[in-house]
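Enquirer: Quick one: this structure, given as structure tokens, is what I'll be asking you about.
The values are calculated or read from the model by the stated rules, or taken from the named source; none is laboratory data. As the structure is a prediction and not an experimental result, all values here were calculated from the model. With ideal geometry, Cβ positions are generated from the backbone for all residues, glycine too; neighbour counts draw on all protein chains shown. Just the protein is used for accessible areas: all its heavy atoms, side chains included, with ligands, DNA and RNA removed. Shrake-Rupley method; radii C 1.70, N 1.55, O 1.52, S 1.80 Å.
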Amino acid sequence: MRQVYMISGGVTRFKKARPEKTHQGLVQEAFDQAYSDLPRLRKEHIDGSVASYFSDHFHHQLMAGIMAHDALGLVPKPSRRIEGGGATGGLCFQSAYEAIASGRMDVCVAFGFETMSRVRTWKGNEFIAMASDMNFDYPLGGFYTGYYAMMVVRHMHEFGTTPEQMAKVAIKNHGNAKHNPFAQSPKKLSVKQIRNSQMVAYPLTRLDCCVMSDGAAVAILASEKMAEKLSSNPIRITGVGSATDTMRLADRPFGDVPLLSNENKKEYKDLDYPGVHSCRAGRLAAKQAYKMAKIKDPLKDLSFVELHDAFTSSEIQTYEDLGLCKIGEGGKYIDSGNAHYGGKCPVNLSGGLIGAGHAIGASGLMQAVFAFWQLQGTIKKHFKNNKLQIKKPKRGLIHSHGGTGTYVTATVMEKP
Amino acid sequence: MKKILTREFNYSIDYQVSYGELSPFFEGLTKKKLMGTRCAACKKSYATPRLNCMECGKPCKWIELPQEGKVHTWTTCHYGSEEFLKQTPYHLVLVEFPGVSTLFQSQLKKVKEGTITIGMNIKAEFKKRPLLKASDVYFVPA
Ligand SMILES: [Zn+2]
């Protein structure tokens with residue numbers, strides 16, 4: 001396999017509604033930013049693209065991907081669409097990685113978008129719920145917030161995690177978003193405000209949940225030769241991992257924990273895993289990515305993480321899946337301050353999905369762009385402020401997650 | 001900037017979705033039976049039917065499940081997808097059955113939010129007029 005680099009990225013502002021643009025217009029906006037950031041890049045260098053969007057329903061359009069590829073002027077170069085619920089962006093990024101690593105392409109554009117404002121919020125929730133089993137899950141009152149609520153109620157029961165710990169995640173992510181000009185929901189919040197906001201599905205309140213967005217993101221990946229030719233500040237992709245779990249939450253097994261290299265069997269001897277409290281696919285994706293990137297202790301070896309925080313509870317679960325702390329100690333991890341700027345491994349400095357927004361197909365690529373800028377040290381250039389730029393970041397991880405942890409990707413990016 | 005135009009329209013579809021090989025489960029609901037499956041080879045059993053074993057891949061046989069179990073986890077939905085907004089608040093549960101390897105998702109009825117607990121005993125009830133949907137069965141406190 002060949003080495004793969006990210007050489008440029010772009011994101012649109014994420015907003016509740018962007019009626020002034022079609023989906024291809026949004027992709028163009030993100031692409032223009034990525035393109036203008038890399039003056040040596042020419043259209044003829046681009047070998048093809050991969051499209052990331054979740055739902056045909058939101059767009060009321062089949063083959064929406066080619067329309068964006070076409071609008072970018074990339075026809076007749078090859079393109080394909082990737083789909084895996086919330087993990088669509090992460091899967092798309094890895095698909096572009098594979099195109100370069102295999103030698104099929106030297107420069108590949110990964111683009112993602114979603115225009116969720118085209119339908120009412122609760123209809124949008126219905127489309128998302130259609131990504132649960134339509135025979136066995138959906139007819140009972142299909143609602144993703146409900147599924148995640150059941151997961152965290154069990155997490156609270158097993159490990160003593162509290163709604164106040166979850167609220168701290170929302171405070172951090174909405175707070176980080178204040179420094180990100182692309183973010184949809186910058187807010188200064190208190191635990192009390194979060195607990196007192198409308199209950200959506202116990203214990204998740206409205207402020208524990210990310211919101212729906214219109215937006216697009218673009219990541220341009222290249223081979224070593226083309227990265228050297230086109231970029232003075234490329235970022236290397238040193239680890240990729242991905243895994244799956246059963247479509248239905250009800251089918252999750254009660255087995256043993258897949259151990260990371262800094263864990264031992266004894267710590268988890270009484271724990272049934274994953275049950276519904278943990279995401280096995282997140283753990284297995286991280287395990288593969290760590291092995292490839294030679295990461296022994298994620299807390300020490302990663303400078304930061306951008307993870308899929310569709311809910312505050314899922315951020316806590318993911319700390320554990322990724323091994324930033326032991327399984328069951330996610331609540332303590334947010335309490336410790338290590339997830340905050342200045343902590344041992346800050347999480348979602350961009351604001352994550354909770355703070356920056358969740359335009360489903362764009363989200364995993366948005367994470368890649370923010371991680372890329374963080375590793376490049378160009379947060380000031382792109383955010384117009386330096387507030388959350390880590391000093392000398394070495395290595396970052398992006399985590400993209402779909403369904404109830406049904407598709408998960410983990411990708412390690414590193415300053416060469 | 002020029003004026004942005006939008007167009008509003010409705011879109012509806014009639015489907016005829018087949019339950020195919022899963023049909024015995026839905027037929028069971030019409031007879032007040034909960035049908036799961038069990039792997040003939042490794043004996044793992046599935047509260048939500050799977051026709052091939054998740055562990056060993058061998059074919060599974062249909063079995064009748066017990067109708068009493070325990071709450072493994074729960075939530076109360078105060079909002080929902082558009083189709084279910086009018087039912088709110090409703091309670092979702094994952095049910096554990098004794099001796100069955102996996103869980104079963106359902107609604108819990110005839111109970112108040114503050115009184116639902118993990119481990120609580122619950123039993124199946126069936127709709128009088130089944131609609132051939134997973135919601136033809138629901139659970140109530142035992
Ligand atoms: Zn078996």
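Enquirer: Could you tell me whether any residue of segment B:3-20 is within 15 Å of the ligand (Cβ to nearest atom), within 12 Å of another protein chain (Cβ to nearest Cβ) and modelled with pLDDT of 95 or more?
Expert: To start, the set of residues in segment B:3-20 that are within 15 Å of the ligand (Cβ to nearest atom) comprises none.
The answer is no; no qualifying residue exists.
Enquirer: For segment A:297-313, indicate whether the set of residues that are closer than 30 Å to B:Val100 by Cα and within 14 Å of another protein chain (Cβ to nearest Cβ) is non-empty. So that I can check it myself, show each step before the final result.
Expert: So the first thing to find is which residues in segment A:297-313 are closer than 30 Å to B:Val100 by Cα, and the list is A:313.
Now drop any that are not within 14 Å of another protein chain (Cβ to nearest Cβ), which leaves A:313.
Checked segment A:297-313: at least one residue is closer than 30 Å to B:Val100 by Cα and within 14 Å of another protein chain (Cβ to nearest Cβ).
Enquirer: Something else now. Quick one: is A:Ser314 open to solvent by less than 10 Å² (accessible area, probe 1.4 Å) and at pLDDT 95 or above?
Expert: Yes, satisfied.
Enquirer: A follow-up question, please. Can you tell me which condition A:Asn135 does not meet? The list is (1) open to solvent by less than 30 Å² (accessible area, probe 1.4 Å); (2) free of Cβ contacts under 8 Å to residues at least 24 places away in the same chain; (3) not in a helix (DSSP H, G or I), and all the others hold.
Expert: Exception for A:Asn135: condition (1).
Enquirer: How do the pairs read when you match residues in segment B:34-45 that are within 10 Å of B:Cys56 (Cβ to Cβ) and within 12 Å of another protein chain (Cβ to nearest Cβ) with residues anywhere that are within 10 Å of the ligand (Cβ to nearest atom) and in a strand (DSSP E or B), using Cβ under 9 Å and keeping only pairs 6 or more apart or on different chains?
Expert: Correct list of pairs: B:Lys44/B:Arg38; B:Lys44/B:Cys60.
Enquirer: Of all the helices (runs of 4 or more DSSP H) wholly in segment A:11-74, which have at least 2 residues that are closer than 19 Å to A:Thr121 by Cα and open to solvent by 10 Å² or more (accessible area, probe 1.4 Å)?
Expert: A:56-59
Enquirer: Here is a follow-up. Looking at segment B:18-32, which of the residues that are assigned to a helix (DSSP H, G or I) and touching a residue at least 24 places away in the same chain (Cβ under 8 Å) is most open to solvent (accessible area, probe 1.4 Å)?
Expert: Within segment B:18-32, the match that is most open to solvent (accessible area, probe 1.4 Å) is B:Glu21.
Enquirer: Can you find a residue in segment A:44-56 that is among the charged types (D, E, K, R) and touching a Lys or Arg at 6+ places or on another chain (Cβ under 9 Å)?
Expert: Looking for residues that are among the charged types (D, E, K, R) and touching a Lys or Arg at 6+ places or on another chain (Cβ under 9 Å), one finds at least one in segment A:44-56, hence yes.
Enquirer: Taking segment A:339-383 as the search range and keeping residues that are free of Cβ contacts under 8 Å to residues at least 12 places away in the same chain and outside any helix (DSSP H, G or I), which one is surrounded by the fewest Cβ atoms within 10 Å (Cβ to Cβ)?
Expert: A:Gly342
Enquirer: When the residues of segment B:52-82 are narrowed to those that are among the aliphatic types (A, V, I, L, M) and within 13 Å of chain A (Cβ to nearest Cβ), which ends up farthest from the ligand (Cβ to nearest atom)?
Expert: Ranking the qualifying residues of segment B:52-82, first place goes to B:Val71.
Enquirer: For segment B:33-46: of the residues being open to solvent by 40 Å² or more (accessible area, probe 1.4 Å) and assigned to a loop (DSSP other than H, G, I, E, B), which is farthest from the ligand (Cβ to nearest atom)?
Expert: This residue is B:Lys33.
Enquirer: With the structure loaded, tell me whether B:Pro49 is on the phi < 0 side of the Ramachandran plot, more than 13 Å from the ligand (Cβ to nearest atom), in a loop (DSSP other than H, G, I, E, B) and more than 12 Å from chain A (Cβ to nearest Cβ) or whether it fails that test.
Expert: When the stated conditions are applied, B:Pro49 does not pass them.
Enquirer: So how many residues does segment A:89-130 have that are outside any helix (DSSP H, G or I) and either within 19 Å of the chain's Cα centre (by Cα) or surrounded by 23 or more Cβ atoms within 10 Å (Cβ to Cβ) (or both)?
Expert: The total comes to 10.
Enquirer: Which pairs do you get when a residue that is more than 15 Å from A:Phe54 (Cβ to Cβ), found in segment A:77-100, comes within reach of a residue that is part of a helix (DSSP H, G or I), reach meaning Cβ atoms under 7 angstrom, with the pair 6+ apart or on two chains?
Expert: A:Ser79/A:Gly65; A:Ser79/A:Ile66; A:Ser79/A:His69
Enquirer: Of the conditions (1) within 16 Å of the ligand (Cβ to nearest atom); (2) closer than 24 Å to A:Tyr138 by Cβ, B:Val93 clears all except one; give me its number.
Expert: (1)
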